[in-house]
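Q: I'd like to ask some things about the structure below.
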């Protein structure tokens, strides 16, 4: 079993690995020096995700990477802010419909933080 930090949104404990940490259904592969993503059978490398019961999700290109991202959540921002940025980077605005309100709020916060970062305001 993997030790995961509590959720930064609801402080819920992520204690049951099969229920919170699993392949996301996407795969990836390198194509001429670029990473290409596809459906579950297109490539050999599985993408992974961590999902909390409150709806917060974090995705990465490997099981190890998603665990590190969830547990470290960046160094220049609070854990909550880093997860928001990761959620913003993962979802396109068109994918927000139907997601829990907590994820939509996190996406908006992440967008603001990320835009401030790239505009050198942080």
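The values are calculated or read from the model by the stated rules, or taken from the named source; none is laboratory data. Every value quoted in this text rests on a predicted model; they were computed, and no experiment measured them. Glycine gets a Cβ as well: all are built from the backbone with ideal geometry, and neighbour counts include every protein chain shown.
Q: Give me the residue from the range 85-106 that is part of a loop (DSSP other than H, G, I, E, B) and touching a residue at least 40 places away in the same chain (Cβ under 8 Å) and, out of that set, farthest from residue 26 (Cα to Cα).
A: Among those that are part of a loop (DSSP other than H, G, I, E, B) and touching a residue at least 40 places away in the same chain (Cβ under 8 Å), it is 100.
Q: Another question, if that's okay. If the requirement is being surrounded by 12 or more Cβ atoms within 10 Å (Cβ to Cβ) and part of a loop (DSSP other than H, G, I, E, B), which of these qualifies: 112, 36, 42, 81?
A: Step by step, each of 112, 36, 42, 81 is checked, and only 42 is surrounded by 12 or more Cβ atoms within 10 Å (Cβ to Cβ) and part of a loop (DSSP other than H, G, I, E, B).
Quick grid of which residues meet (1) under 18 Å from residue 7 (Cβ atoms); (2) touching a strand residue (DSSP E or B) at 6+ places or on another chain (Cβ under 7 Å); (3) at pLDDT 80 or above:
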residue: 42; (1), (2), (3): no, yes, no
residue: 76; (1), (2), (3): no, no, no
residue: 99; (1), (2), (3): yes, no, yes
residue: 110; (1), (2), (3): yes, no, yes
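Q: If you don't mind, there's one more thing I want to ask. Just need a number here: residues in the range 1-51 that are under 18 Å from residue 104 (Cα atoms) and in contact with a helix residue (DSSP H, G or I) (Cβ under 7 Å, 6 or more places away or on another chain).
A: Final tally of qualifying residues: 5.
Q: Another question, then. Which of the following residues is surrounded by fewer than 18 Cβ atoms within 10 Å (Cβ to Cβ), assigned to a loop (DSSP other than H, G, I, E, B) and either modelled with pLDDT of 85 or more or under 14 Å from the mean Cα position of the chain (by Cα) (or both): 12, 55, 29? Talk me through it step by step, then tell me what you get.
A: On the way: 12 fails: either modelled with pLDDT of 85 or more or under 14 Å from the mean Cα position of the chain (by Cα) (or both); 29 fails: assigned to a loop (DSSP other than H, G, I, E, B).
Exactly one of 12, 55, 29 is surrounded by fewer than 18 Cβ atoms within 10 Å (Cβ to Cβ), assigned to a loop (DSSP other than H, G, I, E, B) and either modelled with pLDDT of 85 or more or under 14 Å from the mean Cα position of the chain (by Cα) (or both), namely 55.
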